[in-house]
Every structure is written in C-alpha cells, then in structure tokens.
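> Before we start, here is the structure in question, set down as structure tokens.
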Amino acid sequence: MHILIFLGVAFGLLLCDLYGKNYVEKMMKEGDEYPLGETKLLLRRVHNKGMCLNCFEKFPKLVKYSSVIATILVFGIFLRTLFTKKQYTRKLGFSFLTAGALGNTIDRCTKGYVVDYIGRKNKQKKIENITYNLSDFFIFIGVFLIWLTAIFAPKKR
C-alpha cells in the first residue's frame, strides 16, 4: 500500500509543476515579471536551454540526453527503494527527486528548454535574475531528505 502512496506523491508533485509551467507559458510572455503578493517572490517566464543557470546551453543534445539518463537512473533507484522495508523518509526523498527530474526532463524533451517561473527580489541583480521552477525545489528537497537518511539511518552490521 505504501508503494502507491509514494508513487502518488511523486505523480502529484509532477502535476503541480507541469501545471505551473503550463500556466506561465499560456498567460505570460517570455520576460514578463509580476510580484507575488507582498513577498519578495516574483512570477516570471524564463526559458532555460541549459542546465542549472543555463550551464551548457550551447550543447542542447548533451543537456537533453544527460537529463534523460539521470532521470532514468533516479526513477530506477526510486522503484527499487519502494520495495524496501520502512525507510519512509528515503522513499519520500526519492518521490520528490523523481518528480523534479521528470518535470524538467519532460520540458527538455518536448520543448527544448525548461520553463522557469519563480524568482526573488534581491539587491544584487545577478542573484535576482536566477529563476527556478517547482521541479528545482523538488530536486533540492529530495536530495536533502535522501542525504538526511544517509547520515542518520542506523548502520547495518
């Protein structure tokens, strides 16, 4: 039963990100930017043709295929982890990581770029120009949870 729960979490997170990207693509022009309420957060539409911070943007095939390979590996480990006993935090971490990897890989394979849409006001323009999407946050959360389980899990003897 818990297998379906963690698969459902991953699928639900993926749908949230795909919905956000679809909304931004339909409702905003590239480069548009709007404040999100009274926060420092900004909703903007940015196309990232590379990896993190447009790294390797001049090598779109490398970016696409390395993303596909990494996503397949993450998904395989996620499936293997689902069939282990307990380790719920690790399973949750892989749910987040898988959803994030799939979200960005789907964009790279269907559009040739990743839609980023969450920015933050900052006095330093370089930092303010960094834009994320939910998949990026899911990847961070997933890696963090997996890291926690690696550090605090009881060691097998």
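The values are calculated or read from the model by the stated rules, or taken from the named source; none is laboratory data. Since the structure is predicted, the reported quantities are computational estimates derived from the model, not experimental observations. Don't worry about glycine lacking a Cβ; one is built from the backbone with ideal geometry, like all the others, and counts go over all protein chains shown. With ligands, DNA and RNA removed, areas are computed over all heavy atoms of the protein, side chains included. Shrake-Rupley method; radii C 1.70, N 1.55, O 1.52, S 1.80 Å.
> Does PHE137 satisfy being aromatic (Phe, Trp, Tyr), open to solvent by 50 Å² or more (accessible area, probe 1.4 Å), assigned to a helix (DSSP H, G or I) and touching a residue at least 12 places away in the same chain (Cβ under 8 Å)?
For PHE137, the condition - aromatic (Phe, Trp, Tyr), open to solvent by 50 Å² or more (accessible area, probe 1.4 Å), assigned to a helix (DSSP H, G or I) and touching a residue at least 12 places away in the same chain (Cβ under 8 Å) - is met.
> Mind checking which residues of segment 140-157 are farther than 16 Å from VAL74 by Cβ and either open to solvent by 60 Å² or more (accessible area, probe 1.4 Å) or at pLDDT 90 or above (or both)?
LEU148, ILE151, PHE152, PRO154, LYS155, LYS156, ARG157
> Which residue pairs have Cβ atoms under 7 Å apart, sit 6 or more places apart or on different chains, and have a first residue in segment 40-66 that is without any contact (Cβ under 8 Å) to a residue 60 or more places away in the chain and a second that is among the basic types (Lys, Arg)?
From residues that are without any contact (Cβ under 8 Å) to a residue 60 or more places away in the chain, the pairs are GLU57/LYS49; PRO60/LYS49; VAL63/ARG108; LYS64/ARG108.
> Among the residues of segment 39-83 satisfying the criterion of being outside any helix (DSSP H, G or I) and of a type in the set (Phe, Trp, Tyr), which is farthest from the chain's Cα centre (by Cα)?
Our first condition is that a residue be outside any helix (DSSP H, G or I); within segment 39-83, this holds for 39-51, 55-59, 83.
Narrowing further to those that are of a type in the set (Phe, Trp, Tyr): 56, 59, 83.
On the way: PHE56: 18, PHE59: 21, PHE83: 23 Å.
This residue is PHE83.
> Right, something else. Among the residues of segment 46-71, how many are touching a strand residue (DSSP E or B) at 6+ places or on another chain (Cβ under 6 Å) and open to solvent by less than 40 Å² (accessible area, probe 1.4 Å)?
Residues that pass the stated criteria total 1.
> Suppose we keep only residues that are of a type in the set (Ser, Thr, Tyr) and within 16 Å of ALA10 (Cα to Cα) within segment 74-88. Which one would you say is surrounded by the fewest Cβ atoms within 10 Å (Cβ to Cβ)?
Going through the qualifying residues, I end up with TYR88.
> Residue under question is LYS21, and the condition is that it be more than 30 Å from ALA150 (Cα to Cα) and at pLDDT 95 or above; does it hold? Walk me through it before giving the result.
Numbers: more than 30 Å from ALA150 (Cα to Cα): yes; at pLDDT 95 or above: yes.
Yes: the conditions hold for LYS21.
> While we're here: Regarding segment 95-114, can at least one residue be identified that is surrounded by 17 or more Cβ atoms within 10 Å (Cβ to Cβ) and not in a helix (DSSP H, G or I)?
Going residue by residue through segment 95-114, those that are surrounded by 17 or more Cβ atoms within 10 Å (Cβ to Cβ) are 95-108, 113-114.
Retained after the next criterion (residues that are not in a helix (DSSP H, G or I)): 113-114.
So far as segment 95-114 goes, yes, one or more of its residues are surrounded by 17 or more Cβ atoms within 10 Å (Cβ to Cβ) and not in a helix (DSSP H, G or I).
> Return yes when TYR23 is within 22 Å of LYS121 (Cβ to Cβ), in a helix (DSSP H, G or I) and open to solvent by 40 Å² or more (accessible area, probe 1.4 Å) and no when it is not.
yes
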